Amino acid sequence: MILLRLAVVALAATFISHRAAGQTPATRATVPASALVEKPWEKLSHKKLMEFGEKALGAEPQAWKHGETEHFVFHFQELADAQKVGELAEAYYRQVQMDLGVTQDRLTRKNHVFIFNNGNEWQKFAKVVRLDDWVMGVARRTELFLFSPQESRFATGALGHEITHCIFYRFVSNPVPLWLNEGFAEFESVHAYAKFRGLDETRYGSRRPVHYPLKQLLSATKYPKEDVSKFYAASERLVRFLLTQQDRRKFLPFVQMVASGSKSEDALLFIYHDSFKSFAAFAAAFETFNRPPPPRNEP
Ligand SMILES: [Zn+2]
């Protein structure tokens with residue numbers, strides 16, 4: 001199995017995140033205030049960057065502002081932007097940890113988050129690390145890079161999907177199948193945000209079924225050339241099915257089993273054997289979950 005750790009922002013994911021980010025919260029959950037503290041580069045608790053991080057910061061780290069929260073180091077130009085991202089990033093960390101049911105973070109070092117405000121600087125970085133022109137955010141291992149055009153609040157919009165990739169990497173050491181990696185990021189980009197803002201997440205989920213061949217989805221090692229948004233949507237539905245319709249305590253053992261090299265199909269039948277005696281039974285249950293609600297009878 002191959003995991004594409006270099007995860008690009010799918011247009012669908014961006015759309016969902018933007019839409020969620022634009023809502024006015026009905027009730028605001030009680031969360032600690034952003035604890036992002038600005039610090040000079042020399043005072044950061046963790047300065048060791050990976051390949052992309054070194055390219056982003058260049059030879060002049062002093063040209064950026066820096067700050068940290070409990071689990072993240074930030075590099076940015078606008079403090080207010082970084083503080084919003086910092087508050088959300090920590091909220092995602094807590095929710096992902098809760099949903100996976102993990103207590104042990106395998107890393108002690110912090111994630112690094114880079115927020116670009118300047119279009120030219122972002123284009124320069126994108127060219128160096130070979131991103132497609134349309135990409136506005138990328139996660140790589142524990143590092144996250146976001147383009148946040150001034151005034152657009154894009155950094156908070158794109159954050160959910162990509163930060164989930166970075167946080168997931170802290171808890172699961174080996175690659176997992178592509179559908180699971182992207183599906184979990186898609187799920188949390190709505191779920192964690194809704195929890196954080198106290199929103200009803202059923203308002204944001206699609207009510208339409210997503211038709212994507214299940215075996216093809218489970219075995220994919222590359223992003224499809226066509227129907228990419230359907231691939232993301234079907235992946236999200238499958239993760240949502242496992243996390244909300246099945247015993248949530250089985251999700252982490254399932255993730256660990258595929259991360260250890262088992263095929264998704266085998267691991268599903270092994271971990272969820274109490275519920276599904278065959279792959280056909282699993283596929284039928286997922287199909288039912290994926291079906292739209294029946295139309296209301298008009299009087
Ligand atoms: Zn992704």
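Here are some notes:
- Members of the range 224-240 found to be surrounded by fewer than 18 Cβ atoms within 10 Å (Cβ to Cβ), assigned to a helix (DSSP H, G or I) and either out of contact with any helix residue (DSSP H, G or I) (no Cβ under 8 Å at 6 or more places or on another chain) or of a type outside the set (G, A, S) (or both), listed by number: V228, K230
- Counting only strands (runs of 3 or more DSSP E) that fall entirely inside the range 37-119 and contain at least 2 residues that are closer than 17 Å to I167 by Cα, the qualifying elements are 72-76, 111-116.
- Pairing each residue of the range 171-187 that is over 15 Å from Y223 (Cβ atoms) with any residue that is among the polar types (S, T, N, Q) and away from the ligand (no atom under 11 Å from the Cβ), provided the two are 6+ apart or on different chains, yields C-beta distances under 7 Å for N174/S260.
- Candidate set from the range 158-200 (those that are farther than 14 Å from A259 by Cβ and of a type in the set (S, T, Y)); member that is farthest from the ligand (Cβ to nearest atom): Y193
- Which listed residue, of E162, E78, is among the acidic types (D, E) and crowded, with 22+ Cβ neighbours inside 10 Å: E162
Every read-out reported here was derived from the displayed coordinates using simple, explicitly stated rules and does not represent laboratory data. If you're wondering where the values come from, they're calculated on a predicted model, not measured in any experiment. All Cβ positions, glycine included, derive from the backbone under ideal geometry; neighbour counts span all protein chains shown.
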